[in-house]
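What follows is a set of notes on a single structure, which appears directly below.
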């Protein structure tokens, strides 16, 4: 039995998933500075290949723990199952993974992937399998932090799933509505504009903060938590 290890290192945390063919047999959050990956491969010596996507560094720390394993580091320089209409030296690996997963889910269709994380990214993969970059804007916590950092009296808020109001009775309610509803309107506006360009557009919502928009955004596909891992496996199998 040969297993595949997929690693996704974001700005706030690092995660892995182990595949046995098409099935995920284990997922976990890990610390790249500990021996988590070394212990994983000792426990599962059948792991023979690995792909790493990172926007938060720590790639070398991972590689040191993965001895005698074929490792692919995702970037615009490797073989991809789609063409790039973007500077391959600047494109983020997280964006490549997102469109690969969407392409796998909805092949030969126009797909928009909206990743709501530290930042919000908008990525298009068209029906002719060409990747086009899209806008990047601040995520929820960056917006909360900016208002707290650059004012004297506005408190630092954190998101929750409470009902949002247009007519607010406290500063905290005002901030939460401004950020969450503001992002919702931003996303709806971008979807409308992209839909005017690309026919029959599928819209995927991914990222750690997508849970705050499940009741805000309609006609979107809220991808499961393994969406990124599936995209990584797809790219690795393409090599």
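The values are calculated or read from the model by the stated rules, or taken from the named source; none is laboratory data. This one's a predicted model, so the numbers in the text were calculated from it and none came from an experiment. Counting neighbours? That spans all protein chains shown, and the Cβs are built from the backbone with ideal geometry, glycine included.
Summary table
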| quantity | calculated |
| --- | --- |
| Residue check, residue 181 touching a helix residue (DSSP H, G or I) at 6+ places or on another chain (Cβ under 8 Å) and either surrounded by 14 or more Cβ atoms within 10 Å (Cβ to Cβ) or under 30 Å from residue 79 (Cβ atoms) (or both) | no |
| Of all residues making up the range 212-221, the number that are over 29 Å from residue 73 (Cβ atoms) and surrounded by 12 or more Cβ atoms within 10 Å (Cβ to Cβ) | 5 |
| Breaking point among (1) surrounded by fewer than 16 Cβ atoms within 10 Å (Cβ to Cβ); (2) not in a loop (DSSP other than H, G, I, E, B), for residue 101 | (1) |
| Selected residue (only one of 148, 68 is farther than 22 Å from residue 201 by Cα and outside the structural domain of residue 190 (by TED's automatic domain parsing)) | 68 |
| Residue 25 being assigned to a strand (DSSP E or B), surrounded by 12 or more Cβ atoms within 10 Å (Cβ to Cβ) and not assigned by TED's automatic domain parsing to the domain that holds residue 228 | no |
| Test: residue in the range 112-119 that is closer than 30 Å to residue 180 by Cβ, in contact with a strand residue (DSSP E or B) (Cβ under 6 Å, 6 or more places away or on another chain) and not in a strand (DSSP E or B) | no |
